[in-house]
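No value in this document is a laboratory result; all are computed from the given coordinates. Keep in mind the model is a prediction, meaning the values are calculated, not measured. As a convention, Cβ positions derive from the backbone with ideal geometry for all residues, glycine included, and neighbour counts pool all protein chains shown.
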């Protein structure tokens, strides 16, 4: 029997994690629910995010697990939402622990939203895994929103947003928002470095915890809460070929 799960995000960012799940060919029924009218969440308050999360969870059909496919939503809401929850909650958070896999000579950076940057959870992760502050952390105000408008993407604005990262002269860059892997090839080409996408590790954990088996996946989705569920979601394909670096 297919496992039923939900993926929640503010917009299209969570489709990067959805794509990773679908690539595994797992037996599951997925409900992708986004709150596009309020995207991005990167500068919203914790109170606002909790209210939206509770609303989105209440509107879901019965599921066995909920994946919060947003770093900002995870760090600001998941611990509170887990209190008294009868459904298993998974999240995506800044991959600070990667620093233990990095070479000593590598200069590693992390890009994320302002809300994630300000969060107590990020401070806790740094204390746990990077107490020597080896990772250069760079909050980016507009990048998630620029990617959200993927049908009319402005590559010049994206370059401007990424320029502080280029100035940091990094060797590797951790992607701290699920929107960012959607333009991973461009980020790597423009900055001339390797990026670290946490999605595969997150999906490994979900597969193991839920004991997901091989099979066919089905996806139902809506990007606004007043819409009916739809089928046959086309994942965003953002082509940066030919863009001048």
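Work out the FRET efficiency for residue 241 and residue 166 from their Cβ-Cβ distance, taking R0 = 22 Å, and round it to the nearest 0.05.
On the way: r = 20 Å, r/R0 = 0.92.
The pair residue 241/residue 166 has a calculated efficiency of 0.60.
Suppose the chain between residue 59 and residue 194 were pulled fully straight at 0.36 nm per residue; how much longer would it get relative to their current alpha carbon spacing? Kindly include the intermediate steps, with their values, before the conclusion.
Details: separation 135, 0.36 × 135 = 48.60 nm, distance 3.88 nm.
Full extension of this stretch gives 44.7 nm more.
Helical content alone sets the calculated 222 nm signal of the chain at -10500 deg cm²/dmol, taking -39,500 (n - 2.57) per DSSP H segment of four or more residues and averaging over every residue.
Remark: 49, 56, 1 ranked as 1, 56, 49, counting other beta-carbon atoms within 10 Å and listing the fewest first. Separation of the range 4-49 from the range 121-183 is 19 Å, based on Cα centroids. Taking Rg and Dmax of the Cα atoms in Å straight from the coordinates, which label in (1) 29.4, 115; (2) 17.4, 51; (3) 20.0, 61 is the correct one? Step by step, Rg and Dmax of the Cα atoms in Å for this structure corresponds to label (2).
The fraction of Cα-Cα pairs per 5 angstrom bin, counted from 0 for the range 13-84, comes to 3, 13, 27, 26, 18, 10, 3, 0 percent, rounded to whole percents.
When N is the residue count of the range 96-198, what does its C-alpha Rg come to as a fraction of 2.2 N^0.38 Å? Spell out each step's value before the answer.
Numbers: Rg = 13.4 Å, N = 103, 2.2 N^0.38 = 12.8 Å.
With N residues counted in the range 96-198, Rg over 2.2 N^0.38 Å equals 1.04.
Sorting 222, 54 from the fewest to the most surrounding beta carbons within 10 angstrom yields 54, 222. The distance between label points at residue 102 and residue 37 comes to 4.1 nm (points 7 Å beyond Cα on the Cα→Cβ vector).
With the contact rule set at Cα under 8 Å and sequence spacing of 6 or more, what percent relative contact order holds for the chain? Don't skip to the answer; put the middle values down first.
Values: 427 pairs, mean separation 68.5, N = 245.
Dividing the mean separation by the residue count of the chain yields 28 percent.
Here the range 168-242 is described by how far its Cα atoms reach on the three principal axes: 44, 31, 22 Å, from widest to narrowest.
Each of 195, 86, 160 has some number of other Cβ atoms within 10 Å of its Cβ, and from fewest to most they run 86, 160, 195. If I take R0 = 35 Å and measure r between the Cβ atoms of residue 227 and residue 142 in this structure, what FRET efficiency does the formula 1/(1 + (r/R0)^6) give, to the nearest 0.05? The calculated FRET efficiency here is 0.85.
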